[in-house]
């Protein structure tokens, strides 16, 4: 029976997808299928049962017969998103991935495993019908034969093999260029050790164009993600660069913490000191006069899904895609008199 059922299922699915039997219409009975394909009723009944289980058909009670529930495969793909979505930026990426998947009649499952659970999750992914993986924040995943797209090209010392991400170099270059164009020269850079170093490289390159050669000395490394750490860094900056006119950060989170530190240390900075970040986190620029780099996380999510599907269809494809960034709220950068 198995040898007869498989080709029969393919034929019936093809008929459904061609529109021979529209959604809501009556589907041929087992008796009719038996006559149409010269098979026995038991084989026809088994084929209908499989199509019911896969969601194509629905058996009505009584004399309702069998009706068409849908005419396409569902889901087209089942994608696993390995990422924590408790941060607004990553929630926007997840929303983009889900939007693209729904438009493609596909499903997305989200997991944020403990580090010790990653290996087990990867081993089980294929067996539960996962077709591909999108990941961020969990390093390079174990290779279990599934296509993986990362949402960073670089992070700290890690270089990712295949990715969809924003163009961090361009973002760093553009925001620093804007600050320099407003006349600022006494600039300090804030950098987290796990930020994308291409952001820093972009900032450095434009500073070199403006003949600012001590850019490395003007870079302060943050490690703790805490206001207390930023308080210490700010006191060090004020001793080394007492006339600083701009803080340019590789993360909006660090910009916000620097604002908190300046406020706590009674620094009159609004309209005098530029504060620039990376990420355009809503809630910061709504309250404080900062400029930032818009990474378009929703679009990153959509594009990462599309590229993963391309990779699923063509396993030899190598995905390395950087998306454009934009500057926002640049009017918040004070212009140095005479610049």
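Every number in this text was worked out from the coordinates using simple rules, so none of it is lab data. No experiment lies behind these values; they were computed from the predicted model shown. All Cβ positions, glycine included, derive from the backbone under ideal geometry; neighbour counts span all protein chains shown.
Over all pairs of different C-alpha atoms, the chain has a mean inverse distance whose reciprocal, the Kirkwood radius, equals 23.5 Å.
Sorted on the mean count of surrounding Cβ atoms within 10 Å across their residues, most packed first, peptides 84-91, 199-206 read 199-206, 84-91. For the stretch 291-339, the extents of the C-alpha atoms along the principal axes are 57, 18, 7 Å, listed from largest to smallest. Its Kirkwood hydrodynamic radius, worked out from the mean inverse distance over all distinct Cα pairs, puts the stretch 2-68 at 11.9 Å. For residue 314 and residue 73, the FRET efficiency from 1/(1 + (r/R0)^6), where r spans their Cβ atoms and R0 equals 25 Å, is about 0.85.
Quick check: the angle from helix 252-264's long axis to the longest principal axis of the chain, C-alpha only, nearest 10 degrees? Helix 252-264 sits at roughly 40 degrees to that axis. Stretching residue 53 away from residue 201 to a fully extended chain increases their span by 47.8 nm, per 0.36 nm per residue minus the current alpha-carbon distance. The mean sequence distance of close C-alpha pairs (under 8 Å, at least 6 residues apart), as a share of the length of the stretch 2-68, puts its relative contact order at 35 percent.
Based on the Cβ-Cβ distance of residue 123 and residue 238, what FRET efficiency does E = 1/(1 + (r/R0)^6) give at R0 = 51 Å, to the nearest 0.05? My answer for the efficiency is 0.45.
Placing a label point 7 Å from the Cα of residue 5 along the Cα-to-Cβ line, the residues of the stretch 29-48 whose backbone N sits under 11 Å from it are 43-48.
Inter-label distance, residue 212 to residue 61: 7.4 nm, where each label sits 7 Å from its Cα along the C-beta direction.
Label zone (residue 264, point 7 Å along Cα-to-C-beta; backbone nitrogen cut-off 20 Å) within the stretch 200-231: 220-231. For the stretch 148-203 versus the stretch 231-249, the inter-centroid distance based on Cα atoms is 20 Å.
Computed over the stretch 263-318, the alpha-carbon pair-distance distribution with 5 angstrom bins reads 4, 15, 15, 14, 12, 8, 8, 7, 6, 5, 4, 1, each value a whole percent.
Sort 62-69, 251-258, 288-295 by packing, meaning the average of other beta carbons within 10 Å per residue, with the highest value first. Intermediate results must be reported in sequence, preceding the final value.
Details: 62-69: 13.0, 251-258: 24.1, 288-295: 22.4.
Top to bottom by mean Cβ count within 10 Å: 251-258, 288-295, 62-69.
Note on residue 31 and residue 86: the extension gain reaches 14.4 nm, defined as 0.36 nm multiplied by sequence separation minus the Cα-Cα distance.
Compared with the dominant Cα axis of the chain, that is its longest principal axis, helix 168-181 is turned about 30°.
Taking every eigenvalue of the Cα gyration tensor of the stretch 210-339, multiplying by 5 and rooting it, what semi-axes result, largest first, whole Å?
On the way: eigenvalues 239, 53, 49 Å².
Semi-axis lengths for the stretch 210-339 are 35, 16, 16 Å.
Say R0 is 30 Å: what FRET efficiency, to the nearest 0.05, do residue 41 and residue 99 get from their beta-carbon distance?
0.10
Nearest 5 percent is fine: what portion of the DSSP beta bridges confined to the stretch 116-241 is antiparallel? Could the numbers behind the result be given before it?
Values: 2 of 10 bridges.
Around 20 percent of the beta bridges assigned by DSSP in the stretch 116-241 are antiparallel ones.
Estimated translational diffusion coefficient (Stokes-Einstein, Kirkwood radius over Cα pairs, 20 °C, 1.002 mPa s) of the stretch 91-174: 150 µm² per second.
Available extension along the chain between residue 299 and residue 224 is 24.0 nm, counting 0.36 nm per residue and deducting the alpha carbon span.
Helix 227-240 and the longest principal axis of the Cα set of the chain meet at an angle near 40°.
For the chain, give the share of DSSP beta bridges that are antiparallel, in percent and rounded to the nearest 5; count only bridges with both residues there.
25 percent
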